[in-house]
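Student: Got a structure for you, written out below as structure tokens; questions coming shortly.
Derivation of every value follows stated rules applied to the coordinates shown; laboratory data play no part. The structure displayed is predicted, hence computed values, not measured ones. FYI the Cβ positions are ideal-geometry reconstructions off the backbone, even for glycines, and counts take in every protein chain you see.
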Amino acid sequence: MRFSFAFFLLLPLAALADSPFTGRWRLDNARSTALDGWSTWDLVITVAGPRVSLHHDMQWHSTKFSATNTVDTTQSVALPNFFRVEQRHMALYPAQGGVTPVRASWIDAGRTLRLEAETPLEISQGQATMRIYSEYRLLEGDTTLVLIELHHSRPQPLVYRFSKVPEQK
């Protein structure tokens, strides 16, 4: 009886343990879709309960840019400045005042974060909505992350491979 009682006392502590997704991930340019418009990309992921923060640190020569998409795996969120990595290269920018509904969920026993977004864009003919399906897949060993993005406007997926950056101690 004591063992089972202790187990239930420690169970909430296990839930507080860091997710293997948490940390800084660096793009492997050689094994990824071309990152036109940027030379480097670090993705910093923070998991806090149902909330997942996807912080993008981008650089092209001396130009630096950062943006964060924070999603919730229990409910849809509305993001006013939804960041897409290809927006600079494709010159498809968020619509003025547009809000992107984003749904997020864990699949594959928590090894994949799935996002579905419908983002309003400014295009030369006015406005349009881009449908984006993304999967952030953690590979065996928890040191490689693959981001697969499907856009309804593209025939091929965008595939980005990241390596986990070791923590500085």
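Student: So what's the back-of-envelope 222 nm ellipticity for the chain, counting only DSSP H runs of four-plus at -39500 (n - 2.57) apiece and dividing by all residues, rounded to 500?
Tutor: On the way: 2 runs with 18 residues, N = 169.
Taken over the chain, the calculation gives -3000 deg cm²/dmol.
Student: What's the magnitude of the charge dipole for the stretch 18-164 around its Cα centre, counting Lys and Arg as +1 and Asp and Glu as -1 at the beta-carbon? Answer in Debye, nearest 20.
Tutor: Details: 15 positive and 15 negative charges, 21 e Å.
Using only the charged Cβ atoms, the result is roughly 100 debye.
Student: Taking only C-alpha pairs under 8 Å that are 6+ residues apart, what is the relative contact order of the stretch 42-169 in percent? Walk me through the numbers on the way to the answer.
Tutor: Working: 256 pairs, mean separation 16.6, N = 128.
That works out to 13 percent.
Student: Hey, another quick one. Taking neighbour Cβ counts within 10 Å as the exposure measure, how do His61, His55, His151 sort from fewest upward? List each step's numbers first, then the result.
Tutor: On the way: His61 7, His55 16, His151 19.
Placing the least packed residue first, the sequence is His61, His55, His151.
Student: Return one number: the angle in degrees, 0 to 90 and rounded to the nearest 10, between the long axis of the Cα atoms of helix 2-15 and the longest principal axis of the Cα atoms of the chain.
Tutor: In the chain, helix 2-15 runs at an angle near 20 degrees to the longest axis.
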